[in-house]
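K.L.:
Starting off with a structure, shown below.
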């Protein structure tokens, strides 16, 4: 029996993680944490019966206490509750599926408590990878990637210890606007940006996919997960989303992980590693697969990917600025306060004015995030 705590249980990754739990009786949920969705967390709590649950929003947590008053499930709130979920005594593994840099503190706490991590919060490594990875090694904690691309790379590297990586080939679908020019993107509406051609994801990551920001974050995350330089990670557009990523070794051999686009596969692999268990759903049908296409990413019309490489090369606090500026801009776009092209303009402007801090500590990272938000609010 493996016991897991899920941070971000009401989001896309969190709900799919619970689907995997339903299908695997050897998994048990010990704690659930979310943002403010009291109704959904109540339903999850009643079904999976964790020892306690947490909502970050205090008012929503008060509502949830009333909803769960007839049970013995404790209801916690705020960062204190999120941290308690991260270090839940019974948990063997923590699934970090919260969105944004809020995931850094609970990830560090979970590592401190000796919990293995199923990592779906890419911002943690993008902004604090230089802190997280050495700390996990020191504590003997395993970090299993949940992103489909990083899970694919992880799977390709199994059994290849001691063999040198020549290049990581990180695949991208190209998003809903592949082939569009900046002029054509100027009038993009929110509903268009949320129509990903292959994947079903939350709103924020879907917008990030459309701008290629998500791929840029994944480049920086790969640097820390697999111990390579950002320029050893080559982005390849693979529109069918059949090849989830590849690794090229020094002898020229390329290993690829393929499958239908379904996030439950990398989630299940992370939770049950090294075991593979049968998973219901579609299978890749090579008889009906007519072709696999490959393209270079369009850096002229989607400049965020180039910005991410710049941030990844520089390191320090610049990746935090890239991430924080994007978080602010995507939230503003989702609220209808800025246009689509403003997202990358805001990222570029924030990066251009930033004075980079090398090897920042946690407080410097969080301060850089706050300063970036403050700067953008004043300008936009």
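The values are calculated or read from the model by the stated rules, or taken from the named source; none is laboratory data. Just so it is clear, the structure is predicted and the values come from calculations on it, not from any experiment. FYI the Cβ positions are ideal-geometry reconstructions off the backbone, even for glycines, and counts take in every protein chain you see.
K.L.:
Being within 23 Å of the chain's Cα centre (by Cα) and part of a strand (DSSP E or B) narrows it down to one residue among 6, 13; which is it? First the steps, then the outcome.
P.N.:
Details: 13 fails: part of a strand (DSSP E or B).
On inspection, the qualifying residue turns out to be 6.
K.L.:
With respect to residue 349, is the statement that it is surrounded by fewer than 20 Cβ atoms within 10 Å (Cβ to Cβ), outside any loop (DSSP other than H, G, I, E, B), touching a helix residue (DSSP H, G or I) at 6+ places or on another chain (Cβ under 8 Å) and at pLDDT 95 or above true?
P.N.:
Taking the combined requirement at face value, the residue satisfies it.
K.L.:
So in region 166-196, with the set limited to residues that are outside any loop (DSSP other than H, G, I, E, B) and touching a helix residue (DSSP H, G or I) at 6+ places or on another chain (Cβ under 7 Å), which one is farthest from residue 249 (Cα to Cα)?
P.N.:
Here the residue is 190.
K.L.:
Report, by residue number, each residue of region 303-315 that is over 20 Å from the mean Cα position of the chain (by Cα) and not in a helix (DSSP H, G or I).
P.N.:
Residue satisfying the conditions is 303 alone.
K.L.:
Please go through (1) in contact with a strand residue (DSSP E or B) (Cβ under 8 Å, 6 or more places away or on another chain); (2) crowded, with 16+ Cβ neighbours inside 10 Å; (3) closer than 30 Å to residue 4 by Cα for residue 284 and return the number of the only condition it doesn't satisfy.
P.N.:
(2)
K.L.:
Given the structure, is residue 94 in contact with a strand residue (DSSP E or B) (Cβ under 7 Å, 6 or more places away or on another chain) and farther than 25 Å from residue 133 by Cα?
P.N.:
Numbers: in contact with a strand residue (DSSP E or B) (Cβ under 7 Å, 6 or more places away or on another chain): yes; farther than 25 Å from residue 133 by Cα: no.
No; evaluated as a whole, the condition is false for this residue.
K.L.:
So which residues in region 143-165 are assigned to a loop (DSSP other than H, G, I, E, B) and within 19 Å of the chain's Cα centre (by Cα)? Give the steps one after another, and end with the answer.
P.N.:
Our first condition is that a residue be assigned to a loop (DSSP other than H, G, I, E, B); within region 143-165, this holds for 146-147, 158-164.
Of everything in region 143-165, those that are assigned to a loop (DSSP other than H, G, I, E, B) and within 19 Å of the chain's Cα centre (by Cα) turn out to be 146, 147.
K.L.:
Restricting to region 155-186, count the residues that are surrounded by 13 or more Cβ atoms within 10 Å (Cβ to Cβ) and on the phi > 0 side of the Ramachandran plot.
P.N.:
Residues that pass the stated criteria total 2.
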